[in-house]
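*Asks:* Provided herewith is a single structure, encoded as structure tokens, for subsequent inquiry.
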Amino acid sequence: MKLKLDLHVHTNRSNDAVTLITDIPTACLRSKVDGVAITDHNLLATDKPNGILAICGVEVSSREGHILGLGLKSAVEKDQSADATIRQIHENEGVVVIPHPYDWFRSSVKLHLLRERPDAIEVINASSLFHWVPWRRARDYARRENLATVGGSDSHFQDTIGRAYTQVQAQTSDERSVLEAIRRGLVSPGGETIRISERLRKRRLQARKKS
């Protein structure tokens, strides 16, 4: 069974995002994705939208950069080393994805310094600026290390959900099957960057939320 999933989505539980949980099914329908991983900053997802496949995740701030944990049942401590963060996610039977590596403008783990092995590398992140360089470098690293490659929108408002995605070849349409497919590398990334007008709208929405 092939599923199209956006593995990097923020909701209004992140301080820089505005998407409501209830907005996600409509956004998925519009962008023709089957589901999402909810990956708020340092907050494990507790609620799931109805009608779609939703994976409970988190984007953890390690000392060396951000790390996605997917399929977790308990929270992960922030401000640990990247290696300790990866170990904790694996100990909780989660899947580790390194998001937006080589990005110049976001907190990114230096892949070559890791001792612990992640399960996948995000090689397409729709929110990347000057994306052709970080995307290429991420693909090159994943190829050298024989790591699975995934895509995600890094969406902070509903219009950009599904802009980048991962095709997952899973046995069934449930979280456990999807996570196992990622571990086995039965995935392929796709998508494109968000538009300039959407970047500007994101900034306006973030400013409105802060005020």
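Nothing in this text is a laboratory measurement; each read-out follows from the coordinates by a stated rule. On a predicted model such as this, the values are computed, not experimentally measured, just so you know. Virtual Cβ from ideal backbone geometry, glycine too; neighbours counted across all protein chains shown.
*Asks:* So how do 159-169, 7-17 stack up, highest first, on mean other-Cβ count within 10 Å?
*Replies:* 159-169, 7-17
*Asks:* Right, another one. Between the stretch 161-202 and the stretch 37-115, what is the C-alpha centre distance in whole Å?
*Replies:* Result: 15 Å between the Cα centres.
*Asks:* What ratio of Cα Rg to 2.2 N^0.38 Å holds for the chain?
*Replies:* Cα-based Rg divided by the globular estimate yields 0.92.
*Asks:* Need one number: % antiparallel among DSSP beta bridges in the chain, to the nearest 5.
*Replies:* Bridges in the chain that DSSP calls antiparallel: roughly 55 percent.
*Asks:* Show the residues, 5+ positions off or on another chain, whose built amide H is closer than 5 Å to the amide H of Leu186.
*Replies:* none
*Asks:* Additional query: State which entries of Lys4/Lys110; Lys2/Lys78; Lys32/Lys202; Lys32/Lys78 exceed 30 angstrom in Cα-Cα distance in the structure shown.
*Replies:* Lys2/Lys78; Lys32/Lys78
*Asks:* Another one. Given a Förster distance of 25 Å, report the FRET efficiency between Met1 and Arg117 from their Cβ-Cβ distance, rounded to the nearest 0.05.
*Replies:* My answer for the efficiency is 0.40.
*Asks:* Show that you can apply the helix-only estimate: for the chain, add -39,500 (n - 2.57) for every DSSP H stretch of four or more residues, divide by all residues, and state [θ] at 222 nm to the nearest 500.
*Replies:* Calculated mean residue ellipticity at 222 nm is -8500 deg cm²/dmol.
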